[in-house]
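A.B. asks: Please find one structure pasted underneath; my questions will follow.
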Amino acid sequence: MNQLILMREGVRPVEAMAAFVKDLKDDDIVALAGYFAQQPPKRTDEALDPARVKAGEALSTQLRCASCHLPSLGGHEQMPRLAGQRVDYMFDAMKAYRDNTRAGADTQMSAVVYGLSDAQIDALAHYAASR
């Protein structure tokens, strides 16, 4: 289900987006999704820690992240692109999956990150950002 619908319906509340999505109609959301899907992905310009990137790469292989998100971490169909995302966004998202606080979360993703430490999640976030 489209993230904007989840936000609009209160399933995945994002306070910063609430005012923007509350009055959107389904057709508006479809049009916005189509527009953003056509935009080239922007890579983060953050400075990344090479040691954390390397640790994240090894952990990504162990957890088989590429089996769902593709070897490039570029995602496809319903699997989101992880490559080039901001470290803070990836850290917060994976931590919410791990801690079961992400409303409407994919239980398979929650199972993958279950038991990971904050340091491991940070390493995965650095690796994804580096791709």
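A.B. asks: Are any residues in segment 1-10 in a loop (DSSP other than H, G, I, E, B) and among the charged types (D, E, K, R), and if so, which ones?
C.D. replies: If the condition is that a residue be in a loop (DSSP other than H, G, I, E, B) and among the charged types (D, E, K, R), then E9 is the only one that fits.
A.B. asks: Give segment 7-21 a look and list any residue that's exposed (fewer than 12 other Cβ atoms within 10 Å of the Cβ) and of a type in the set (A, V, I, L, M, F, W, C), or say none.
C.D. replies: Listed by number, the residues that qualify are A16, A19.
A.B. asks: How many residues, within segment 11-38, are in a helix (DSSP H, G or I) and within 21 Å of the chain's Cα centre (by Cα)?
C.D. replies: Number of matching residues: 14.
Every read-out reported here was derived from the displayed coordinates using simple, explicitly stated rules and does not represent laboratory data. No experiment lies behind these values; they were computed from the predicted model shown. With ideal geometry, Cβ positions are generated from the backbone for all residues, glycine too; neighbour counts draw on all protein chains shown.
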